[in-house]
Amino acid sequence: MKKTIAMLLALVMVFALCACGGSSAPAATQAPAAEAPAEAPAAEGSVYWLNFKPESDQALQELAAMYTEETGVPVKVVTAASGTYNETLTAEMDKSNPPTLFVVGNQAAVDTWGDYCLDLTGTPVTDELNTNEYMLYDADGKLCSIGYCYECYGIIVNKALLAKAGHDISEITNFENLKAVVEDITARKDELGFSAFTSAGMDGSSSWRFTGHVANLEYYYESVDNPDAWKSCPAELTGAYMQNYRNLLDLMFENSTVDRSALAAGGFDANAEFANGEAAFYVNGSWAWNDLQASMKAEDLAMIPYYCGVEGEEKAALNCGTENYWAVNCEADEADIQATLDFMYWLVTNPAASEKAVATFGVMPYKQAAASANPFFVDANNYLAAGNYNLWWATNYQPNVDAYRAALVSAINDYNANPSDATWATVETAFVQGWATQYAAANG
């Protein structure tokens, strides 16, 4: 079922407050701003940040030391091991000195931890946000958590290779002209010396790009059709946009560095292929810049949306979202709560602090935060500034995610081995019926 531009633009505001979990948020009304803290508040209280991002631990330890040196306020940063945040948070909250600053990253986490969350409405740090997109509310309208950084994903483009093939990124505004450019490159790949897409390996190191991220387009457009059903994890899918999912997968599988029949084996390095100039298009996210910047120039790179044949997709933006939302422990001592709010404000307004924070987080959606050098965030912001609709991270709702994606990988491998309507039907079953099956398993 296709959607018009007008309907998409009207409905995008419904999801402007729903990133990373589809939170049902009230209109973004805020209480009058509280007085901003002084640059160097008195040394009262302390801060304990339970960090969600292991890769940022060193930078956050340095930021903690900077703040303590400047203000005298003790700041402790404890970083949970990868994949253990929920368990670590549960254990730490039971201790006599629990975290004062922690992550409540989606609506399910709000449901679990909402009672521990201070209402952040009208606080100085909240008033520094430059968007209402990254706010999570509970059922009573309490602002439980606010995003401190976000990520985006889509199709990364090597503009220099595109120019070598006689094309320009401005040509690509929908699936039809993306397909034309991709197939032209494939037809001349021996002459050009590169392929259209990097490999689409279906092993664990790569398959998440296609069973998680690319799958988001189907979920997103379903959520536009029925926003009420996506205020929480829906029990079932309609599958209305499976053909659009197939459109994009086929384009990627058929026009890549590796024959689709070999993708099931995995073991490919799509990042290296792209960095080495072996392909013009690469399915990945903003985090890829960390590796690509060593050998590629920002001006040669861009990120475009998941064009897939939906009507009105000329107004699509990237897939922007986050699981990185700050929450303040309302059960902490009053002095510690104030110290934590002061520290958060300092992180997003102090030039030296925000520069260091942005260097590890990639981007921070705050008015005074340092600008990001990541070209993909520039693209994300430009799309949104032009009024395009954000494909929020509906994929975060995938129930029993590991089992769900494993079944989808298996079905896609069968499809790649013998592409046909019959084998595609197995992909649809894994995608749609698999969702209902895993939802039932997860919810009893």
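Every number in this text was worked out from the coordinates using simple rules, so none of it is lab data. Everything numeric here is computed off the predicted structure, so don't read it as measured data. Cβ: placed from backbone, ideal geometry, glycine included. Neighbour counts: every protein chain shown.
Per residue, the chain reaches -11500 deg cm²/dmol at 222 nm when only DSSP H runs of four or more residues are counted, each adding -39500 (n - 2.57). For region 291-300, the Karplus equation 6.51 cos²θ - 1.76 cosθ + 1.60, evaluated at θ = phi - 60°, returns couplings of 8, 5, 5, 5, 10, 10, 9, 4, 5, 8 Hz by residue, with Gly and Pro reported as x.
Dipole check for the chain: with +1 at the C-beta of Lys and Arg, -1 at the C-beta of Asp and Glu, and the Cα centre as origin, the magnitude is about 760 Debye. Note on region 148-222: Cα convex hull, mean projected area over all directions, 7.2 nm².
Charge dipole (Cα centre; +1 on Lys/Arg Cβ, -1 on Asp/Glu Cβ; no other charges) of region 59-102 amounts to roughly 80 debye.
Name the residue farthest towards the positive end of the dipole of the chain from the options 322, 394, 266, assuming +1 on Cβ of Lys and Arg, -1 on Cβ of Asp and Glu, about the Cα centre. Farthest towards the positive end: 266. Each residue, residue 352 and residue 111, gets one label point 7 Å from its Cα in the Cβ direction; the gap between the two is 4.5 nm.
What net charge do the residues around residue 53 carry, taking every other residue with its C-beta under 13 Å from that of residue 53, with Lys and Arg at +1 and Asp and Glu at -1?
On the way: positive: none; negative: 55, 57, 151, 323.
In short, -4.
The three principal axes of the C-alpha atoms in region 315-444 carry coordinate ranges of 60, 39, 25 Å, sorted with the longest axis first.
Distances between placed amide hydrogens fall under 5 Å for residue 283 paired with 156, 198, all partners being 5 or more residues away or on another chain. In the chain, a dipole from Cβ-located charges (positive for Lys and Arg, negative for Asp and Glu) runs towards its positive end, and of 241, 337, 134 it is 241 whose Cα lies farthest in that direction.
Under a plain spin-label model, where a point goes 7 Å from the Cα along Cα-to-Cβ, how far apart in nm are residue 423 and residue 441? Label-label distance for residue 423 and residue 441, simple model: 2.4 nm. Annotation: amide H-H contacts under 5 Å for residue 256 (H modelled 1.01 Å from N, sequence separation of 5 or more, or interchain): 197. With a cut-off of 15 Å between beta carbons, the residues surrounding residue 265 carry a summed charge of -3, where Lys and Arg count +1 and Asp and Glu -1.
Considering only 118, 440, 173, and ranking their Cα positions along the charge dipole of the chain that arises from unit charges at the beta-carbon of Lys, Arg, Asp and Glu, the one farthest toward the positive end is 173.
Shape of region 135-291 from its Cα gyration tensor (a ≥ b ≥ c, root eigenvalues): rounded if a/c is under 1.5, otherwise prolate when a/b > b/c, or oblate? Cα axes put region 135-291 in the prolate bin. With the simple model of a label 7 Å out from the Cα in the direction of the Cβ, residue 87 to residue 159 spans 4.5 nm. The charge dipole of region 107-148, taken about its Cα centre with unit charges on the Cβ atoms of Lys, Arg (+1), Asp and Glu (-1) only, comes to about 60 debye.
DSSP assigns beta bridges within the chain; of those with both partners inside it, close to 70 percent run antiparallel.
Report the net charge of residues surrounding residue 142, where surrounding means a beta-carbon distance below 12 angstrom and charges are Lys +1, Arg +1, Asp -1, Glu -1. Here the charged neighbours net out to -4. Near the amide H of residue 117, within less than 5 Å, lie the amide hydrogens of 330, all on another chain or at least 5 residues away, with H placed in the peptide plane.
Shape of region 207-344 from its Cα gyration tensor (a ≥ b ≥ c, root eigenvalues): rounded if a/c is under 1.5, otherwise prolate when a/b > b/c, or oblate? Oblate is the answer for region 207-344, as a/c is 1.5 or above yet b/c matches or exceeds a/b.
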